[in-house]
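Where a number appears in this text, it was derived from the coordinates with a stated rule and is not lab data. Please read these numbers as outputs of a predicted model, since none were measured by experiment. Methodologically, a virtual Cβ is constructed for each residue, glycine included, from the backbone with ideal geometry; neighbour enumeration extends over all protein chains shown.
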Amino acid sequence: MLTVTELQASYGAITALHGISLEVNEGELVALLGTNGAGKSTTLKSICGVLRPVQGSIEFAGESIMNKKPESILKLGISMVPEGREIFTSLTVAENLRLGAYTCYERSRYQQDLKEMFALFPILEERLSQPGGLLSGGEQQQLAIARALMSHPKLLMLDEPSLGLSPTMVDNIFELIGMLRDRGITILLVEQNAERALKVADRAYVLKTGHIEFSGTPAQLEKELDIASVYFGGSKDKSSEVTL
Ligand SMILES: Nc1ncnc2c1ncn2[C@@H]1O[C@H](COP(=O)(O)OP(=O)(O)O)[C@@H](O)[C@H]1O
Ligand SMILES: [Mg+2]
């Protein structure tokens, strides 16, 4: 479904991605892991068109989306929940959701989509007329995900959805990600919470300073990278809070 080949991206003189290749097949949940500054967000930004890569190719559903505008890429079916959520804090929850639907706005369908979102995220219905800025971090993350779903994405990209959330909220978010996957939504999940991400992922990539260091199944990752010592500080079963 998504094929990224030899992708290079930079910020001025700083090269953030040194020719990375990755693939996401239809229906898969793929985790993209790596320490801070590894290039995870840069990868997602390049895919959804907010950052113009230097070189390489990005194909989605058999079509090149390299250098397409973010709106066009969204219309083709790729939706991203950015790091830090970036909801519109002065707009109401309802207005935020409406904006998420702007690529496929159709009154009857919109009402039905809203109902579905309320079934997934009951809190949003309760808060519908409140400004987004008044929601808690976890509620804002739910709103950001719901907003992204309003465009009926074929591929949903989530950039560190669990960051800064309480342990209970982290549980909720991962439960939700599993539910979305079970509904057939293809997901590319960027996480620092590697242990949790690997529990839900079909496959994973590990990025290190702009290079792909590993690709394979979660089981292979544990075996090949000696994950206990390398990533989890020597104790695998310490807790789900341990991050990369
Ligand atoms: N706007 C920017 N300007 C300059 N350098 C950036 C910018 N955003 C990211 N970088 C650099 O690019 C590299 C990759 O960053 P990023 O993709 O945000 O990493 P990650 O999401 O894995 O933490 C880092 O070295 C970071 O400092
Ligand atoms: Mg990032």
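Just the number, please: percent antiparallel of the DSSP beta bridges in the range 2-230, rounded to the nearest 5.
Antiparallel bridges make up about 55 percent of those DSSP assigns within the range 2-230.
Count charges around Leu44 for me, please; just the other residues with Cβ under 11 Å from its Cβ, Lys/Arg as +1, Asp/Glu as -1. Result for the local shell: -1. Each part reduced to its alpha carbon centroid, the range 85-139 and the range 39-61 end up 27 Å apart. Given +1 at the Cβ of Lys and Arg, -1 at the Cβ of Asp and Glu and no other charges, the dipole of the chain around its Cα centre is 520 debye to the nearest 20.
In the chain, the longest principal axis of the Cα atoms and the axis of helix 137-149 are about 80 degrees apart.
Ordering Glu59, Glu195 from the fewest to the most neighbouring beta carbons within 10 Å gives Glu59, Glu195.
For the range 2-230, what is the relative contact order in percent, using Cα pairs closer than 8 Å and at least 6 residues apart in sequence? Present the calculation step by step, with values, prior to reporting the outcome.
Numbers: 425 pairs, mean separation 65.5, N = 229.
Normalised by residue count, the contact order of the range 2-230 is 29 percent.
Using only Cα atoms, tell me the angle between helix 167-182 and the longest principal axis of the chain; keep it within 0 to 90° and round to the nearest 10. Tilt of helix 167-182: around 90 degrees. Since only Gly12, Gly137, Ser215 are under comparison, the one whose Cα sits farthest along the positive direction of the charge dipole of the chain, derived from C-beta charges on Lys, Arg, Asp and Glu, is Gly12.
Just checking the listed ones, Ser57, Ser90, Ser21: in the Gaussian network model of the chain with Cα springs under 10 Å, the one fluctuating most is Ser90. Applying 1/(1 + (r/R0)^6) with r as the Cβ-Cβ distance of Glu213 and Arg52 and R0 = 22 angstrom yields a FRET efficiency of 0.30.
Would you compute, from DSSP H runs of 4+ residues alone, the mean residue ellipticity of the chain at 222 nm, taking -39500 (n - 2.57) per run and dividing by the full residue count, rounded to the nearest 500? Don't skip to the end; give the middle numbers.
Numbers: 10 runs with 90 residues, N = 244.
One gets -10500 deg cm²/dmol as the mean residue ellipticity at 222 nm.
Show me the GluC sites (Glu not before Pro) within the range 67-123 that DSSP assigns to loop and that have at most 16 other Cβ atoms within 10 Å of their Cβ. Passing both the DSSP loop test and the Cβ count: Glu83, Glu86, Glu106. Remark: the Cα gyration tensor places the chain in the oblate category, a/c being 1.5 or greater and a/b not exceeding b/c.
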